[in-house]
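Below is one structure, written out as C-alpha cells, with a few remarks after it.
The values are calculated or read from the model by the stated rules, or taken from the named source; none is laboratory data. All values reported here derive from a predicted model rather than from experimental measurement. So basically every Cβ, Gly included, is an ideal-geometry build from the backbone, and we count neighbours across all protein chains shown. Calculation scope for accessible area: heavy atoms of the full protein, side chains included, ligands and nucleic acids excluded. Shrake-Rupley method; radii C 1.70, N 1.55, O 1.52, S 1.80 Å.
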Amino acid sequence: VVVTDWETETRFRMTEPLKRLGTRSGMSIVIEGRHGPFGVLGVHASRARDFSAMEIDFVQALANVLGDAFDRQKTEDDIRHRALHDPLTGLPNRALFMDRLSHALQHLSRRGSSAAVLLLDLDRFKLINDSLGHAVGDDLLAAAAPRLKQMLRASDTIARFGADEFGILLEDIAGEQDAVDMAQRIAGAFNRPFVLDGNEHFVSVSIGITLADGGERAEDLIRDADAATHRAKERGRARYELFD
C-alpha cells in the first residue's frame, strides 16, 4: 500500500503515531511467511513524495528477507521445542528437567536454600492401558498433566519422564515440610475422577521425594526419588515416601 500524500489521502485514516511523527507519505508491505503473514514493514517520509518502482521493489525485497528469516527462526524454535518437550502432554521432557535440575543445584549452595525432587507414578496405569486401550491411557496422561501443573508455582518445573512417570522440581523451598505439603496437595488433586472414554475413573498417585542442598548430583537425586517411589508402591500405593 502506497500513500503519496496523507493530506489528500481518502482511502485510509492516518494513525496517531504517524501524526505525531509528522508523516506525509509512506508505503507498507506485508512480511509474508510460509503459513501466513508475520506483520508489516512500513517506510515513511516527512514530505509528500512518489515512490518509484525501484524503491518499492527494494522494500519488498527487505520484507521477503525478513519473512525468510522469521520462518527459519520459527523452524529452529519448533525443532528445539520438540527436542525438549513431551509431544503428548506438552510438558518438558527428562532432558530439559535434568538441565534445570543441574542449574538449580549449582545455585543452591550460594542461596542457602533447599530444593526437592518429586517423582510421581500413576497407580495401576498399566491396568487402564490393558483394559481400556492405549488411546484411553494417553487421554489420562494428557488430562493428568494440567492438573499437576496447576499445583505448582511458576518457579517450579514439571516434566514427563516417560510412560506414566512425572518429575517435579521444587526450587527455593524452606525444607522438608514444603516438599511434603506439595506431595499432599498433588495427592488431593487426584481425588477428583478423570473422565475417560465417557466414564469416570479414579486414579491415585505414588510419590517419592528427595531433598537437595546443592552438594548432590542430579542423577543421584533422580535415583533416590525413584527408590522412594518404589517404596511408596510397595507400601500400598496412593502415598508418598521421603528418601532417607
Next on the checklist: What's the total number of residues in the range 96-119 that are out of contact with any helix residue (DSSP H, G or I) (no Cβ under 6 Å at 6 or more places or on another chain), open to solvent by 30 Å² or more (accessible area, probe 1.4 Å) and modelled with pLDDT of 95 or more?
Outcome noted: 2
Item to check | Of residues in the range 37-52 being in a loop (DSSP other than H, G, I, E, B) and not charged (D, E, K, R), the one most open to solvent (accessible area, probe 1.4 Å) | outcome: 46
Checklist entry - In the range 221-233, is there at least one residue being among the basic types (Lys, Arg), free of Cβ contacts under 8 Å to residues at least 12 places away in the same chain and closer than 30 Å to residue 131 by Cβ? => result no
Checklist entry - Any idea how many residues of the range 85-94 are open to solvent by 60 Å² or more (accessible area, probe 1.4 Å) and either under 13 Å from the mean Cα position of the chain (by Cα) or more than 26 Å from residue 135 (Cβ to Cβ) (or both)? => result 2
Checklist entry - What pairs come up if the first residue lies in the range 22-42 and is closer than 16 Å to residue 60 by Cα, the second is among the hydroxyl-bearing types (Ser, Thr, Tyr) and modelled with pLDDT of 95 or more, and their beta carbons are under 8 Å apart, counting only those six or more places apart or on different chains? => result 40/28; 41/28; 42/28
Item to check | Any hit, the range 51-62, residues being aromatic (Phe, Trp, Tyr) and over 22 Å from the mean Cα position of the chain (by Cα) | outcome: yes
Next on the checklist: I'd like the full set of residues that are open to solvent by 70 Å² or more (accessible area, probe 1.4 Å) and of a type in the set (Gly, Ala, Ser), limited to the range 208-244.
Outcome noted: 215
Checklist entry - Can you tell me how many residues in the range 140-161 are under 16 Å from residue 205 (Cα atoms) and touching a residue at least 40 places away in the same chain (Cβ under 8 Å)? => result 13
Checklist entry - Of all residues in the range 3-36 being under 20 Å from residue 66 (Cβ atoms) and of a type in the set (Val, Ile, Thr), which is most open to solvent (accessible area, probe 1.4 Å)? => result 30
Next on the checklist: Looking at 84, 66, 41, 62, can you tell me which residue is within 30 Å of residue 214 (Cα to Cα), modelled with pLDDT of 95 or more and hydrophobic (A, V, I, L, M, F, W, C)?
Outcome noted: 84
Checklist entry - Could you say whether any residue in the range 64-77 is assigned to a helix (DSSP H, G or I), open to solvent by 20 Å² or more (accessible area, probe 1.4 Å) and in contact (Cβ under 8 Å) with a residue 60 or more places away in the chain? => result no
Checklist entry - Among the numbered criteria (1) over 23 Å from residue 243 (Cβ atoms); (2) assigned to a helix (DSSP H, G or I), which single criterion is violated by residue 105? => result (1)
